[in-house]
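Structure first, commentary second.
Only the coordinates and a few stated rules stand behind these numbers; no lab work does. Source: prediction; values computed, not measured. With ideal geometry, Cβ positions are generated from the backbone for all residues, glycine too; neighbour counts draw on all protein chains shown.
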Amino acid sequence: MSKIYLNECGIICALGEGQAQVKARLYAGEPGVAATSRWSKGRELALGAVPGELPPVAHLPAHLRSRNNALVLAALAQIRPAVQAAVARHGASRVGVVVGTSTSGIGETEQALAHQVADGALPEEFSYRTQEMGSPAELLALELGLEGPAYVHSTACSSAAKAMASAARMIRMGLCDAVVTGGADSLCAFTVAGFSSLESVSAGQCKPMSANRKGINIGEGAALFLMEATPSGPRSVELMGWGESSDGHHISAPDPEGAGARLAFEQALRRASVAANQVDYINMHGTATPQNDAMESRVIAALFGNEVPVSSTKPFTGHTLGAAAAVEAALCWLAMQDDNAQGRLPPHLWDGAADPALPALNLVPPGATLGRPLRRVVSSSFAFGGSNAVLLLGRPE
């Protein structure tokens, strides 16, 4: 069975834009989450907003002009030369697009409705198509002149992981030679209000695994990979395995026993032919909600033990929802590069107040290293509706 490689990576999130800035702030322990009332009128919340200006979208058709697609363009710019080279190698019809999102252009619809309330009519240029879930894939295909399959997964917080698994399957089935894959999600009032209504949002920085955890910090961002069946050089990271499952337990709460989550972990290990004790680091879903942290920590302790280093990077980026799996895979990809010879690990930011009801996991303190390069890394994503997805990344021994 052919191997699958993530040859290039572009990332933008609350930590900044581009690999260097994101990596520097991550290892310095500088969270990107900050208080703002931009998407929660009259109430300040800690959110993982992308700082600075985003690429312009005025050159796009009206229905593709959104903040979500601006994030996509920012991530694409970092890998565009590599993608164009892949198109030259394989042909436009052999390069596909599979990405994940959950918000798409909802923020632009919010602005249009506010305009209607104030002026009695929707803006003349507004198109309901802006909020179609397929928008990021349509944008990428248009922008890159691609003719291969192009579509979006929208399964809440597992969206990008499922997109990456689908991209790998397309290559293995011979439908594509290369795929632009990952995910993007943008902050909007609709999402913030929705999670607030569930009492799942923390007003301050989230504290995954803490006895004092009070919920998530919603964030935004995008991460894109160029996926191919052959490595392009020393920066390539193998997508060794993936696992997908569905709990069918509850629309917004995980199965407390974590049967589906464990199944996704086990599938990824089995597909990669990797034993649980060969995993160097786990990037937890780690939302800082009471039920998710309890379920996930118990599954990890039962399957991997208490010694494997683990962390949640959501205090850095916020929970980027449909983009989360791609953003967190990108952080793992960065940690597996040759310039991290000592295996510096993404730290776990929290208040140190361990919850006695949870297993005592090996939460990564700031500055911790493995003492050698990372070779096997797992990243987990668990979504509403019981949609579970796990990615396993690897580098040569």
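Taking the Cα centre of the range 161-315 as reference, the dipole from Cβ charges on Lys and Arg (+1) and Asp and Glu (-1) amounts to some 80 debye. Computed from the Cβ-Cβ distance with R0 of 45 Å, the FRET efficiency linking Glu147 to Ala360 stands at 0.30.
Electrostatic tally near Ser387: other residues with Cβ closer than 13 Å to its Cβ, Lys and Arg +1, Asp and Glu -1, net -2.
Think of the chain as a dipole: +1 on every Lys or Arg Cβ, -1 on every Asp or Glu Cβ, centred on the Cα centre; then among Asn388, Cys13, Gly343, Gly343 lies furthest on the positive end. Dividing the summed -39500 (n - 2.57) terms of all DSSP H runs of n ≥ 4 by the residue count of the chain sets its mean residue ellipticity at 222 nm at -10000 deg cm²/dmol. Of the GluC sites (Glu not before Pro) found in the range 210-271, the ones in coil according to DSSP and having at most 13 other Cβ atoms within 10 Å of their Cβ are Glu257. When only the Cβ of Lys, Arg, Asp and Glu is charged (+1, +1, -1, -1), the dipole of the chain relative to its Cα centre reaches about 720 debye. Summing +1 for each Lys or Arg and -1 for each Asp or Glu among the other residues whose beta-carbon sits under 12 angstrom from that of Lys162 gives 0.
FRET efficiency for the His115 to Ser232 pair, using the beta carbon distance and R₀ = 51 Å, is estimated at 0.65. The candidate values were [x] 1.04; [y] 0.95; [z] 0.98; the one computed from these coordinates for Rg/Rh (Cα atoms, Kirkwood Rh) carries the label [y]. The GluC sites (Glu not before Pro) of the range 1-90 meeting both criteria, a DSSP state outside H, G, I, E and B (loop) and at most 15 other C-beta atoms within 10 angstrom of the site's C-beta, are Glu44, Glu53. Toward the positive end of the charge dipole of the chain, with +1 on the Cβ of Lys and Arg and -1 on the Cβ of Asp and Glu, the farthest Cα among Leu71, Ala85, Ala118 is that of Ala85.
Under the rule a/c < 1.5 gives rounded, and otherwise a/b versus b/c splits prolate from oblate, where does the range 185-330 land using the Cα gyration tensor? Judged from the Cα gyration tensor, the range 185-330 comes out oblate (a/c at least 1.5, b/c at or above a/b). Comparing Gly145, Gly219, Gly183 in a Gaussian network model of the chain, where Cα atoms under 10 Å apart are tied by springs, the biggest mean-square fluctuation is seen for Gly145. Of all complete DSSP H helices in the chain, those with a Cα span along the helix axis of 27 Å or greater and a mean Kyte-Doolittle hydropathy of -0.5 or more are 67-90. Answer rounded, prolate or oblate for the range 39-128, using the Cα gyration tensor with square roots of eigenvalues a ≥ b ≥ c: rounded when a/c is under 1.5, else prolate when a/b is larger than b/c, else oblate. Here the range 39-128 falls in the prolate category.
Comparing Ala163, Ala88, Ala193 in a Gaussian network model of the chain where C-alpha atoms under 10 Å apart are linked, the largest mean-square fluctuation is found at Ala88. With 0.36 nm allotted per residue and the present C-alpha distance subtracted, the Glu44-Arg129 stretch has 27.5 nm of extension available. Among the lysines, which have Cα under 18 Å from the Cα of Lys207 when same-chain residues fewer than 8 positions away are ignored? Within the straight-line limit of under 18 Å, Lys207 reaches these lysines: Lys314. Within the set of other residues whose C-beta is less than 15 Å from the C-beta of Ala34, count the net charge using Lys and Arg as +1 and Asp and Glu as -1. Every neighbour counted, the sum reads +1. For the pair Ser246 and Leu198, label points projected 7 Å from Cα toward Cβ lie 1.8 nm apart. In a reduced charge model with +1 at each Lys and Arg Cβ and -1 at each Asp and Glu Cβ, the range 29-179 shows a dipole moment near 540 debye about its Cα centre. With an 8 Å cut-off on Cα pairs and a minimum separation of 6 or more residues, tell me the relative contact order of the chain in percent. Dividing the mean separation by the residue count of the chain yields 23 percent. Modelled spin labels at Thr369 and Ala34, positioned 7 Å past Cα toward Cβ, are 3.1 nm from each other.
A protection proxy built from the mean count of other Cβ atoms within 10 Å ranks the segments 153-161, 26-34, 324-332, 273-281, most packed first, as 324-332, 153-161, 26-34, 273-281. Going by a ≥ b ≥ c, the root eigenvalues of the Cα gyration tensor, does the range 311-353 fall in the rounded group (a/c under 1.5), the prolate group (a/b larger than b/c) or the oblate group? Judged from the Cα gyration tensor, the range 311-353 comes out oblate (a/c at least 1.5, b/c at or above a/b).
Residues Met295, Met133, arranged from fewest to most other Cβ atoms within 10 angstrom of their Cβ, appear as Met133, Met295.
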